[in-house]
Amino acid sequence: MSNLLFATPKELTGWLSKLASGKRVMAPRQEGPSVVFRAYTAKELAAADVNALLKRSYSSPKQAILPQCETLVAFKSAKDPEDMSKLTTTVENPCVAEPTVLFGGRPCDARGFVVLDRPYLEGKFKDPYYAARREATVIVTQACPTVLNGCFCNWVGSDPADKEGSDVIFTAVDGGFVFEAVTEKGEALLAGAGFADAADKAEAVAAAHAAAAEALPAPSTLDHVQEKVAARFTDNAFWDKETVKCLSCGCCTFICPTCQCFTITDEGSQLDGRRLRSWDSCMTPLFTMETSGHNPRPTKANRMRNRVSHKFSFYPERYDGYFSCVGCGRCVVSCPVSLDIRHMVKAAVEGCDLVFEDAPVAEPAPVVEAPAPVAEAAPAQNPAPQKPASQKPSKGKSKKK
Amino acid sequence: MSEHDCGCGKNPYMPEVATVLDVITESPTIKSFRVRFDNEEAWNSFTYQPGQVGQLSVFGVGESTFVINSQPSCKDYLQFSVMRAGEVTTALHKLHPGDKVGVRAPLGNWFPYEDWKGKDIIFVGGGIGMAPIRTIMLHVMEHASEYGKLRLLYGARTPEDMAFKGDLPSWLNSDVLETTLTVDRAEGEWPHRVGMIPSVLKELNPSPDNAIAVLCGPPIMIKFTLAAFRELGFKDENIVTTLERRMKCGIGICGRCNLGGKFVCLDGPVFTQAQLNNLPPEM
């Protein structure tokens with residue numbers, strides 16, 4: 001028996017429906033004009049059109065493990081009835097990590113959790129809320145059937161069939177889907193699925209992966225991006241120019257699968273209240289505003305500089321060269337004024353006059369295809385003859401000197 | 001999920017409930033709070049290093065970051081000195097002995113006092129910046145025989161604004177510490193100096209040889225005091241400061257206190273000027 005399993009659309013929704021009777025099953029769901037990750041009931045899944053579950057979501061699935069708002073601490077205080085001046089305060093952690101299947105995200109979404117794992121799990125302090133949900137979640141990822149407008153996972157060391165961060169990956173083929181367990185967790189989830197062996201579909205899967213990879217525009221070179229973006233720090237004219245249009249709305253950060261920032265606030269009273277964690281955005285002036293009125297990042301140029309630098313310079317500096325960007329392109333397509341992080345990074349790198357010892361001598365810069373215009377979709381129906389996927393940099397890492 | 005289910009030890013977001021033992025009015029805007037954990041076991045096992053900070057909270061209002069400014073040898077209480085400025089600090093200023101607060105500590109790094117042994121140390125504190133100086137200075141004074149000459153230059157706007165008035169007599173009369181006090185403007189009787197910290201520092205003219213400068217204060221004071229120390233011949237690796245930033249988590253995750261790739265809450269708040277020179281200029 002091969003490690004590939006085949007499911008028809010009906011079998012797939014049946015399996016998900018079965019899973020939903022014991023677990024929270026989250027999948028893309030159309031809500032008004034948006035597609036977002038939401039929990040489905042077993043009944044909904046049994047009757048679901050599989051294509052509706054495979055839509056690309058507008059927001060990332062980050063909320064499955066890092067909710068937009070959650071209670072970190074619940075506190076209560078009680079007065080001693082014998083001595084009203086005596087108060088007893090108790091604190092507790094109300095977090096419940098529900099067993100979850102996160103279905104239908106893309107490889108970039110799954111890799112987003114790998115990016116979040118480093119600050120949340122691998123530092124001096126481990127975040128127990130994130131850890132508990134991460135542990136309780138099985139990530140079932142669909143290999144991208146098409147390339148969407150804004151996609152640039154190949155810039156950051158990935159591809160449309162990347163397994164990193166996924167527990168199960170599946171690929172659409174004629175008549176259904178081919179599933180492959182990536183981790184033991186994934187294997188355990190698939191064990192009870194009852195899907196047929198799909199050894200004979202290996203070629204079809206490989207062909208689908210190759211077609212999607214080839215549909216991506218060629219990546220821009222991000223050689224020494226960490227140092228080059230850092231070298232731009234004091235180039236105020238550059239950041240001013242790149243952020244003229246920015247509205248500081250923070251949309252780019254809220255839909256990002258790798259943005260890690262949050263705030264902590266209290267609500268209620270000492271007698272009965274909660275300490276909450278909510279997503280926050282580095283693009284708003286209040287993010288770093290101090291009580292005195294002093295703000296180390298008062299302008300939108302300062303803030304964009306921090307956002308771009310965090311993803312391509314500060315985070316790699318801290319975490320062994322890995323980027324805090326998975327190239328999903330959500331910030332590119334959702335920005336109300338069409339700011340494009342690809343453009344900013346490329347401009348920061350290309351105009352940088354830092355010289356590195358390993359720099360090729362007098363070699364012409366590779367011709368880079370301009371990214372697709374923002375207003376137009378660039379599905380795989382018309383795959384452009386681009387450079388092959390083997391051009392990608394080493395897996396998930398920026399090239400180090 | 002109960003608190004210890006997650007297999008990752010202590011929950012860094014869970015505060016220890018503590019009782020306010022004492023409130024000391026230091027100046028019209030500064031109060032010091034002496035607090036002790038309600039949980040005896042947690043209190044008895046609690047240790048920290050001079051320079052580390054804590055998240056002090058009023059339940060229902062919020063948390064803010066303050067340096068623990070009692071010295072680690074003090075086993076009776078933790079002291080935090082708080083300038084009234086925003087929501088949390090205003091709520092803190094309303095507290096009385098017996099009231100409850102939350103404490104998450106210790107967080108961050110500390111002053112590298114082991115490396116300073118055998119050296120002269122000059123401490124310079126401006127305004128509420130004296131709080132972190134107090135911790136490390138008291139700690140070093142307890143081990144004065146291991147260090148060279150110890151000096152303090154403490155400045156405030158007016159005599160009224162000078163905090164730690166309860167400590168000043170013992171600092172002025174100490175055998176191991178040479179104390180200079182200065183104010184920007186004197187009102188009434190003031191037997192000490194009048195003048196800005198940088199100019200008084202230059203008059204004191206401390207030798208940079210085998211010496212460490214430790215300074216903390218508002219940004220403008222740091223800027224000119226740093227220049228004065230450089231003028232006196234102090235090298236940037238021997239000038240130590242502790243930074244302030246808006247913080248939330250205190251454990252290097254929430255993302256707002258970064259200076260380049262470093263988090264002030266986790267990798268700081270104590271840095272040498274030489275280290276700061278290698279970080280992006282975003283103060």
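Each value in this text was obtained by applying a stated rule to the coordinates, not by laboratory testing. Note that the structure is a prediction, hence the values are computed from the model and not measured. All Cβ positions, even for glycine, are placed from backbone atoms using ideal geometry, and neighbour counts span all protein chains on display.
Of the options A:334, A:298, A:63, report the single residue whose Cα projects farthest towards the positive end of the charge dipole of the protein assembly as shown (beta-carbon charges: Lys, Arg +1; Asp, Glu -1).
A:334
When N counts the residues of the range A:66-196, how does its alpha-carbon radius of gyration compare numerically with 2.2 N^0.38 Å, as a ratio?
Compared with the compact-globule rule of thumb, the range A:66-196 sits at 1.50.
Would you kindly derive the ³J(HN,Hα) couplings of the range B:145-158 from the backbone phi angles with the Karplus curve 6.51 cos²θ - 1.76 cosθ + 1.60 (θ = phi - 60°), listing them in order in whole Hz, with x for Gly and Pro?
My calculation for the range B:145-158 gives 5, 8, 10, x, 6, 10, 10, 10, 10, 10, x, 9, 5, 9 Hz in order.
Per DSSP H run of n ≥ 4, the term is -39500 (n - 2.57); total these for the protein assembly as shown, divide by its residue number, and report the mean residue ellipticity at 222 nm rounded to 500 deg cm²/dmol.
Rounded to the nearest 500, it is -6500 deg cm²/dmol.
Considering the Cα positions of the range B:16-107, please state its Rg to one decimal place and its Dmax as a whole number of Å.
12.0, 36
About its Cα centre, how strong a charge dipole does the range B:113-242 have in debye, to the nearest 20, once Lys and Arg get +1 and Asp and Glu get -1 at the Cβ?
Rounded to the nearest 20 debye, it is 260 debye.
Compare the Cα positions of A:226, A:190, A:276 along the charge dipole of the range A:147-302 (+1 at Cβ of Lys, Arg; -1 at Cβ of Asp, Glu; about the Cα centre) and return the one farthest towards the positive end.
A:276
Give me the lysines in straight-line cross-link reach of residue A:18: C-alpha distance below 23 Å, same-chain residues under 8 apart excluded.
A:10, A:43, A:55, A:185
How much of the DSSP bridge set in the protein assembly as shown is antiparallel, in percent, rounded to the nearest 5?
Close to 70 percent.
Taking N as the number of residues in the range B:113-242, what is its alpha-carbon radius of gyration divided by 2.2 N^0.38 Å?
0.98
Which three lengths, in whole Å and largest first, does the range A:217-276 cover when its Cα atoms are put on their principal axes?
Each principal axis gives a Cα extent; for the range A:217-276 these are 56, 27, 22 Å.
Using unit Cβ charges (K, R positive; D, E negative) and no other charged atoms, how large, in debye to the nearest 20, is the dipole of the protein assembly as shown about its Cα centre?
Value, rounded to 20: 1080 debye.
May I ask for log10 I(q)/I(0) of the protein assembly as shown at q = 0.08, 0.11 Å⁻¹, from a Debye sum over the Cα atoms as equal point scatterers with solvent left out?
Values returned for q = 0.08, 0.11 Å⁻¹ are -0.71, -1.15.
Please state, to two decimals, what the Cα-based radius of gyration of chain B comes to when divided by 2.2 N^0.38 Å (N = residues).
Cα-based Rg divided by the globular estimate yields 1.00.
If you average 1/r across every pair of different Cα atoms in chain A and take the reciprocal, what Kirkwood value do you get, in Å?
Kirkwood hydrodynamic radius for chain A: 22.9 Å.
How big is the charge dipole of chain A about its Cα centre, in debye rounded to the nearest 20, if each Lys and Arg gets +1 on its Cβ and each Asp and Glu gets -1 on its Cβ?
Working: 47 positive and 47 negative charges, 120 e Å.
The dipole of chain A has a size of about 580 debye.
If we restrict to alpha carbons, what Rg and Dmax does the range A:42-118 come to, in Å?
When restricted to Cα atoms, the range A:42-118 yields Rg and Dmax of 20.8, 65 Å.
Less than 17 Å apart at the alpha-carbon level, and either on another chain or at least 8 residues along: which aspartates and glutamates does that give for residue A:163?
Within the straight-line cut-off, residue A:163 pairs with A:109, A:117, A:180, A:184, A:187.
Please compute, for peptide A:119-126, the average count of beta-carbon atoms on other protein chains lying within 10 Å of each residue's beta-carbon. Mind showing how you got there, number by number?
Working: counts 8, 1, 2, 0, 5, 5, 13, 9.
Mean number of neighbouring Cβ atoms from other chains: 5.
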